[in-house]
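J.: After the structure tokens below, expect a handful of questions from me.
The values are calculated or read from the model by the stated rules, or taken from the named source; none is laboratory data. Note that the structure is a prediction, hence the values are computed from the model and not measured. Cβ placement follows ideal geometry from the backbone for every residue including glycine, while neighbour counts extend to all protein chains displayed. Side chains included, ligands, DNA and RNA excluded: accessible areas come from the protein's heavy atoms. Shrake-Rupley method; radii C 1.70, N 1.55, O 1.52, S 1.80 Å.
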Amino acid sequence: MTKADIVNEISKNTGIEKAAVLATIESFMGIVKKSLAGGENVYLRGFGSFVVKQRAEKTARNISKNTTIIIPAHNIPSFKPAQTFMDELK
């Protein structure tokens, strides 16, 4: 399902015009991105959590040049579904 499909489905179910639904979804995604970039987690009860995970520094190999490189510690976004959400999928 794409973002356009989600906008169409919400618009059909609520009667709100597609432009307003799209603006709302874009705003939601912007707020989640901004929060995660600031190191703040986003919790949606009954749906799941968008969290920032810390990846440790590690050593990797460049096979073509046969050299070792160090990948520094960094943060990555992650999504953890809520237990009620997982139960609905089973």
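J.: Among the residues that make up region 34-48, is at least one of them farther than 23 Å from T84 by Cβ, touching an Asp or Glu at 6+ places or on another chain (Cβ under 9 Å), open to solvent by 80 Å² or more (accessible area, probe 1.4 Å) and not acidic (D, E)?
T.: Taking every residue of region 34-48 in turn, at least one turns out to be farther than 23 Å from T84 by Cβ, touching an Asp or Glu at 6+ places or on another chain (Cβ under 9 Å), open to solvent by 80 Å² or more (accessible area, probe 1.4 Å) and not acidic (D, E).
J.: Pick from region 11-33 the residues that are free of Cβ contacts under 8 Å to residues at least 12 places away in the same chain and of a type in the set (A, V, I, L, M): which of them is least open to solvent (accessible area, probe 1.4 Å)? Step through it out loud before you land on a result.
T.: Residues of region 11-33 that are free of Cβ contacts under 8 Å to residues at least 12 places away in the same chain, as a first pass: 11-20, 23-24, 26-31, 33.
Then drop every residue that is not of a type in the set (A, V, I, L, M), which leaves 16, 19-20, 23, 29, 31.
On the way: I16: 83, A19: 67, A20: 40, A23: 59, M29: 64, I31: 102 Å².
Residue satisfying both the conditions and the ranking: A20.
J.: Could you give me the residue pairs with C-beta distances under 8 Å whose first residue belongs to region 40-56 and is farther than 22 Å from E88 by Cβ, whose second residue is of a type in the set (G, A, S) wherever it lies, and which are 6+ apart or on separate chains?
T.: Short answer, once both residue conditions are applied: N41/S35; N41/S49; V52/G39; V52/S78; K53/S78; Q54/A73; R55/A73; A56/A73.
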